[in-house]
Ligand code: SAH
Ligand code: SF4
């Protein structure tokens, strides 16, 4: 949303709060300044305070005159989400956050040789109802506002006193069920005058909401797309992912092909390895057949066991056999390095433990 809405303009003029300042793309802030008869470049100065100097006390924004500072204080919220719990080991740090309304979400920081990556949440809970997933167990309460995603990054960077170099939107929630806020989040963290995370270092993961895949093709930034496929045929997929009943495997594959053709970008296929559900060698053959000739790479994910006791992780041996078979068929494939098994890093598990208490 690049324009400030008429409703926002009325609020601004009336001196009411519009929304949290961390929800604003630079373009929207430029529109705000124009709307209060100030120069657009003030937006860059605000970004510099928020994202480079990390100073959120407007009184200290000394390169803006006092009148403007007062107007900003009048028009924007500045509340922050709070870290209420951290679990960590040598590979990862998992954060539980409390939002202003008391809801809880989580993010996981992972250390790699090449830098730090973070997995952020996009909703409180999730309505997609994948049978193996903890986030789906606790139904969606609401979408996250853009600032609640931006602040996951700011809070974690403040905690570790280091920069994060890549972002995956694979925490709690279905990002394409909160499309506009997630896209604004991406624009904000990508802005070269702000947090400046390169588009190629940002990945959005979806369970397969097809209309949004078509919309996302046209998104102006070169962000990576990952698809949670998790099955080699329609029947298995419908059994474990209810989204497949609305958007079937064949249509999803067609959407992925169209996406690749339109963007010329490689797509990641996520495939969580569930013992005796989707991990047989026949399944590997079937998957190879489905993906033949497509510019994709498959990421095999060892399942992180949860309270969904009917699902167990595939053995290391089985994962290796599955992997080898895909390789033999010429499919690009990797096995996901496991992070934070000890600290329950799979999506939604920390929150779900807390909510149960
Ligand atoms: N809703 C989006 C993004 C969040 S889930 C999606 O489904 O793609 C991120 C990934 O974690 C998905 O591929 C999901 O299937 C996977 N996942 C969920 N629970 C898991 C678990 N217990 N162990 C391993 N992967 C899991
Ligand atoms: Fe939602 Fe993704 Fe979990 Fe499915 S796997 S319930 S889409 S968070």
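Taken together, 5, 22, 51 contain a single residue that is under 22 Å from residue 187 (Cβ atoms) and modelled with pLDDT under 95, which is 5.
Conditions tested, residue by residue: (1) touching a residue at least 40 places away in the same chain (Cβ under 8 Å); (2) surrounded by fewer than 19 Cβ atoms within 10 Å (Cβ to Cβ); (3) under 21 Å from residue 165 (Cα atoms).
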| position | (1), (2), (3) |
| --- | --- |
| 207 | yes, no, no |
| 231 | yes, no, no |
| 242 | yes, yes, no |
| 255 | yes, no, no |
| 261 | no, yes, no |
| 275 | yes, yes, no |
| 281 | yes, yes, no |
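Does at least one position in the range 171-179 carry a residue that is more than 16 Å from ligand 2 (Cβ to nearest atom), within 20 Å of residue 199 (Cβ to Cβ) and in contact with a helix residue (DSSP H, G or I) (Cβ under 9 Å, 6 or more places away or on another chain)? No: zero hits.
Every residue, every condition in (1) over 17 Å from residue 135 (Cβ atoms); (2) touching a strand residue (DSSP E or B) at 6+ places or on another chain (Cβ under 8 Å); (3) in a strand (DSSP E or B), yes or no:
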| residue | (1), (2), (3) |
| --- | --- |
| 168 | no, yes, yes |
| 176 | no, yes, no |
| 183 | yes, no, no |
| 187 | yes, no, no |
| 193 | yes, no, no |
| 219 | yes, no, no |
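In a residue-by-residue description of the range 249-272, the property of being over 22 Å from residue 293 (Cα atoms) and either in contact with a helix residue (DSSP H, G or I) (Cβ under 6 Å, 6 or more places away or on another chain) or part of a helix (DSSP H, G or I) (or both) applies to no position.
When restricted to residues that are within 20 Å of residue 332 (Cα to Cα) and more than 16 Å from ligand 1 (Cβ to nearest atom), the range 260-282 contains 9. Number of residues in the range 313-349 that are assigned to a loop (DSSP other than H, G, I, E, B), modelled with pLDDT of 95 or more and within 14 Å of ligand 1 (Cβ to nearest atom): the value is 1.
Entry remark, the range 45-66: residues being touching a residue at least 40 places away in the same chain (Cβ under 8 Å) and assigned to a helix (DSSP H, G or I) number 5 in total. If you filter the range 121-135 down to residues that are near ligand 1 (Cβ under 7 Å from one of its atoms) and not in a loop (DSSP other than H, G, I, E, B), you find that the one that is farthest from residue 209 (Cα to Cα) is 134.
The values are calculated or read from the model by the stated rules, or taken from the named source; none is laboratory data. Everything numeric in this text was worked out from a predicted model, so none of it was measured. Cβ: placed from backbone, ideal geometry, glycine included. Neighbour counts: every protein chain shown.
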